[in-house]
Amino acid sequence: MASPFTVELTMSEAPGDAQARAASALEEPARLVGLRLTKRGAGELHYKPRVQFPFLIMLWHNLKGERMTVKFEPGESAGTRVTLKGAVARSKHPLAIDPEHWTESLGGATTAVG
């Protein structure tokens, strides 16, 4: 079973601009926890296990429930509240719950970690 995580950040940009910047900025941090961007939605980015060989390994990661959703919502005063929520392999969990892992690429500030 995958280990769940939640990290909340704030970014100074408006939600649309923050999402556009995060789509490319999160490429490397997501890869390091075993995920890749698979879908862009209104105010959301969806990540699933990266493609790898043999494909049975990728299938195993999918069946274990490894994935992540990044939501972009207007902040309380200004900017954007970013919520990263998902589940990753136990070996990647310490990296996924580390707020600095995500803020280095996004340039945001950590507001809460769960």
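Number of residues in region 65-82 that are hydroxyl-bearing (Ser, Thr, Tyr) and at pLDDT 95 or above: the value is 1. Of the residues contained in region 43-58, none is found to be among the basic types (Lys, Arg) and within 21 Å of Glu8 (Cβ to Cβ). Comparison of Gly16, Gly65 shows that the only residue that is small (Gly, Ala, Ser) and touching a residue at least 60 places away in the same chain (Cβ under 8 Å) is Gly65.
The values are calculated or read from the model by the stated rules, or taken from the named source; none is laboratory data. Computed from a predicted model, the values in this text were never measured in an experiment. Positions of Cβ are generated from backbone atoms using ideal geometry, with glycine treated the same way; all protein chains shown enter the neighbour counts.
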